[in-house]
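Report on the following structure.
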Amino acid sequence: MSFNCFLLSIYFYLFGFATQTLASFSCSCNSTCKVTTSTGAYRGVLDSDGVHFLSIRYAAPPTGLQRFADPISFVPNYNITYDASSLPPFCIQGTQDNESEDCLYLNVFRPIPVIGEAELPVLVWIHGGSLAYGGSADPVIYGSKLAKSSNMIVVTLNYRLGVLGLFDDGSKTNFAVKDVIMALKWVRSNIALFHGKPSKITVGGQSSGATLVRSLMSTNKASGLFAQAIMMSDPVDFGFNTRATSYDIITSTLYNRTGCSDISCMRSLSTDSILAAQNYLYANAMAMGNGVSMSQPMVPVIDDELILADYSVYMSNGLLPVQVPVLIGSTKDEANPTIESVLTTPIPSAYFGPVLAEFLGEERAASIISSGLFPIDDSVDDATRLALAHVATLFFWTCAIQTSAATLATTYSKDVFMYEMNVGITYPSYVDLSLCQGNYVCHESDLYPLFGTFNTSAVTSAQHALSAEVQQRWSSFIKNGSPNGSHKYQQWWPVSSAKSMNALVLGSESFQSTLFASQCAIMGNSVKFDYQLYSQS
């Protein structure tokens, strides 16, 4: 043990850590750290940010008979020490060079030295990607800078994606959700070995990662596993799939494309065959009806085992199985990348109605147009695509989130804090999109500010300030259940009602009682959300 680690061990001892904990976690502050956990002994590394990093199995490989099965514990060989010094492969998705079905790992980022806290709070982060893409190896969500700047442990994790994560054989499904629950159980059981506090675990996610947070709050199987929840840019409009959607439509389509008729056949397929069927499903989802989402056709399922009702039902009756303080919000231009990916060039205003009908159906599109609340300003360049993006942003994100937050405020036992991000840092996938340039704050523009992984010389002073505020407020919430702390920022009050949202507009340091009051008044009323139409049977 190095001299610095010797001093660190004395520090931990003085603050009351058990001898067993000290024996289980040893380190060399120059290079590696070693820990013996419930899933084996692992040797990590001290990374370039001066943070201990370890990548650790939290479940057995979901391969062979474990494909399309609930995750099970990994049985380690304690006679060896596993190398935990590099990021794990992505779960199967067909877009990455490094993919594997053997992907159920989590990554622990532990600041060194620990400053001023005997036990560190913990953020467990669930990546987004429409539940079909992404992974914890995404460099944007590499957790060391956030761990160091906020003096907390950051955990990022993988879960099974797409068909492999959410296939429904009529009996078993929701494997992605169950993966995350198993990862949280691992964190709860093992995080004290890293000097983390098991009672101070916050689960957070962005986009479909936030959808998974929503699913965790909707099952008593996740009760007691986390103390706070962060949902960033959750497309709340998308509810959970009923069995009529997940099995009768989606599984039927997949069986048709693969030539299978049972789970044994699906287990025998190559991953290429599964991905080919998945790609067909995603390409044709819009035409399937019954609430099958174009961008997220495979979502958590109301399976009467893990999830007994849609989040919206639990939310409205005040019976959410997991009730913890919530921080929730979106960016101001969430839908711009989606619109530009479908409409690659500007279009005339005459196309507004037909395109809107493709996204929302004839009836909802007609209600939006007849409301007169979404005029097209032809004096603005690219006015039609921008108008479509504005409608989609409000419908899928802003208004759905605001409705959710207001409902929780009147039925929920814990505080809910809502925000909109009006400054951001564009995610790498969108840097070449015209609708994500300049002042547009697109989907995923909130990740760089939170994780601090951006090129510091390539951002503005406003973007630097945004990142500092997000990290301060988010870490305060993780530590205390409130985004208010000893920092310099204004008091942020929780949501009180639909007319008193106290929504923090990040980037302007202002608060609004409601966001887009007139437009959001029709969303969920004359213009029904998808979850109202398809998830509440």
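Every number here is computed from the coordinates shown, using simple stated rules; none is lab data. Predicted, not measured: the structure shown is a model, and the values here were computed from it. Because the Cβ atoms are built from the backbone with ideal geometry, glycine has one as well, and the counts that use them run over all protein chains shown.
In deg cm²/dmol, rounded to 500, what helix-only [θ] at 222 nm does the chain give when every DSSP H run of at least 4 residues adds -39500 (n - 2.57) and the total is split over its residues? Mind showing how you got there, number by number?
Values: 19 runs with 175 residues, N = 537.
Helix-only estimate at 222 nm: -9500 deg cm²/dmol.
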Cα gyration tensor shape of segment 325-534, rounded if a/c is under 1.5, else prolate or oblate by comparing a/b with b/c: oblate
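Do the alpha carbons of any pairs in 200/488; 145/479; 221/332 sit beyond 22 Å of each other, and which pairs? It would help to have the intermediate numbers written out before the result.
On the way: 200/488 24 Å; 145/479 17 Å; 221/332 34 Å.
Exceeds cut-off: 200/488; 221/332.
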Placed amide H near residue 120: partners under 5 Å, 5+ positions off or other chain: 196, 197
Amide H contacts under 5 Å for residue 441, placed H, 5+ residues apart: 332, 333
Calculated Rg and Dmax of the Cα atoms in Å (choose from [x] 22.9, 72; [y] 27.6, 100; [z] 32.1, 103), label: [x]
Per-peptide average of other Cβ atoms within 10 Å, ordering 498-506, 227-235 highest first: 227-235, 498-506
From phi via Karplus (6.51, -1.76, 1.60), per-residue ³J(HN,Hα) for segment 423-436 in Hz, x at Gly/Pro: 10, x, 10, 4, 5, x, 5, 10, 5, 9, 7, 5, 7, 10
Net charge of neighbours whose Cβ lies under 11 Å from the Cβ of residue 441, counting Lys and Arg as +1 and Asp and Glu as -1: -4
Formal net charge of residues neighbouring residue 186 (Cβ-Cβ distance under 14 Å; K, R +1; D, E -1): +3
Inter-centroid distance (Cα atoms) of segment 248-292 relative to segment 90-123, Å: 30 Å
